[in-house]
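One structure is given below, encoded as structure tokens.
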Amino acid sequence: MTGPLKSIGSTATLAMWLIGVAGAAVLALLVNLAVKQRRREYGVLLAMGERKGKLIVQQALEMVVVAAVAVGLSSLFAGALTQYAGQALLGREAAAAQREIDSWEAPPPAAQASTRASTPTTSRSRTPTPSTGSPYVSTGRTSPPWAASASASPSWPPPSPPARSCASARGPSSRKASDLTMTQSTTTQPVLRLDGVSHTYADQRRTTTVLKSIDCAFDRGTFHTVLGPSGSGKTTLLSLAGGLDAPTKGTVSFDGRGLMELGLGRYRNKHAATVFQQYNLLTYMTALQNITTAMEITGVKPATGSRRSQALRLLESVGLDADTARRNVLRLSGGQQQRVAIARALACDVDILFADEPTGNLDEDTAQGVIDIFRELAHAQGKCVVVVTHSQRLAAQSDRVLTLRKGRVFNCWSFRLNRPSNATYQMCG
């Protein structure tokens, strides 16, 4: 191969390598984004009670499929690019060789004139030299000039690129002291109890204790709220009570049975559900599909009708009609997505419903609608509803308010709001 052609080949090889590296980088970025999205979805499914082993196997299979598709596409791209570049390079080389042959076969004008003078007019044919029998003897060659380049090994393709006690006697500001009367605490068995619960987070630099010796109980048919400033441990308390994490010390019990004995996965699957602040809906599904998926994971079979009809009834109970139920959740408003998340939590017929800042991103009217749903679930359906919030307005409409400060129970107030004139108040133990 001549010098210019070698330069062209080197440039094409370098360009191909650069394109391959850029393609691999873009492909890696897309795969990374897809994996992050799937991890988030797996977290949602795990919180709904799906078996962890099944999710791990499914994620591994998906990664294998993605890797195989990525390698296959990269190979096809690199092969096509190699073939195109090789054909272009060989075409240029063949054209250059043909031009060289043409220059050898056509003698210069001076030689043509002398040949005409010495050759009879009756013979214009070109005769090979008898001693060699080759028309290339005048150039010192005995074979065509392309023979040597054809016998050389090609340079293509290139290699592929590889509290407890109360300290204050002050309830929410919306209550009047004249409307509150002291009562004795009930003796019913709480559905959920935290005894001496502490929780600590440790990193490379320090250890942080978020909750310190928490003792509290939550009853069926009661709408609870947990108040406190940022960093007081509200969300951590919700995670421990919801079975999303295990406490460092102490015991969390459901119906008198410890969650570690019962099993966190079984507890989340059969008895407790969480409505997250960011909803955590499966965004590639409709509202209806989000509900039926939760029912399939937990194995819920309605007494009458299909899962689909039961899901539609649940969505209707939170104020969403059939047309809205068939829309993709990304096409719903924030309030509608919150209602879908509540319906999904109810689809498993759980005993306890947890919610993390459910009205934080909603307008006043929509937030009131969500509060009414929580009250209905507690008072009409006998659910235990536990809501973490900063909203005094929401807390004023609940039955019991637990306040946290610096990881400890600051106070606990209990109300019954059947009628304003019949409101009662008690200290929580």
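The values are calculated or read from the model by the stated rules, or taken from the named source; none is laboratory data. Keep in mind that what you see is a predicted model, and the values were worked out from it rather than measured. Cβ sites come from the backbone with ideal geometry, for glycine too, and all protein chains shown count toward neighbours.
Here are a few things to note about the model shown:
- Flag if A395 is hydrophobic (A, V, I, L, M, F, W, C), modelled with pLDDT under 95, more than 25 Å from A303 (Cα to Cα) and surrounded by 23 or more Cβ atoms within 10 Å (Cβ to Cβ): yes
- T248 vs. criteria under 25 Å from W413 (Cα atoms) and not basic (K, R): no
- Once the stretch 191-217 is narrowed to residues that are buried (at least 21 other Cβ atoms within 10 Å of the Cβ) and not aliphatic (A, V, I, L, M), the residue that is nearest to S391 (Cα to Cα) is C216.
- Test for F276: is it touching a Gly at 6+ places or on another chain (Cβ under 9 Å) and either within 26 Å of I371 (Cβ to Cβ) or buried (at least 22 other Cβ atoms within 10 Å of the Cβ) (or both): no
- Of Y279, Y267, all but one fail to be modelled with pLDDT of 90 or more and under 23 Å from L46 (Cα atoms); the exception is Y267.
- Qualifying residue in the stretch 66-89 (condition: modelled with pLDDT of 70 or more, under 30 Å from H271 (Cα atoms) and touching a Leu at 6+ places or on another chain (Cβ under 7 Å)): no
- Among the residues of the stretch 219-245, the one identified as among the basic types (K, R) and over 17 Å from F410 (Cβ atoms) is R220.
- Candidate set: the stretch 346-356, residues that are modelled with pLDDT of 90 or more and buried (at least 20 other Cβ atoms within 10 Å of the Cβ); chosen: the one farthest from P302 (Cα to Cα): D356
- The set of residues in the stretch 376-392 being part of a helix (DSSP H, G or I) and surrounded by fewer than 16 Cβ atoms within 10 Å (Cβ to Cβ) consists of E376, Q392.
- Test: residue in the stretch 251-261 that is closer than 24 Å to Q277 by Cβ, in contact with a Gly (Cβ under 8 Å, 6 or more places away or on another chain), buried (at least 18 other Cβ atoms within 10 Å of the Cβ) and of a type outside the set (A, V, I, L, M): no
- From the list N280, N290, the one residue that fits, being farther than 25 Å from S213 by Cβ and touching an Asp or Glu at 6+ places or on another chain (Cβ under 9 Å), is N280.
- Only one of the listed residues (G265, G231) is at positive phi, surrounded by fewer than 21 Cβ atoms within 10 Å (Cβ to Cβ), of a type outside the set (A, V, I, L, M, F, W, C) and out of contact with any His (no Cβ under 9 Å at 6 or more places or on another chain). That residue is G231.
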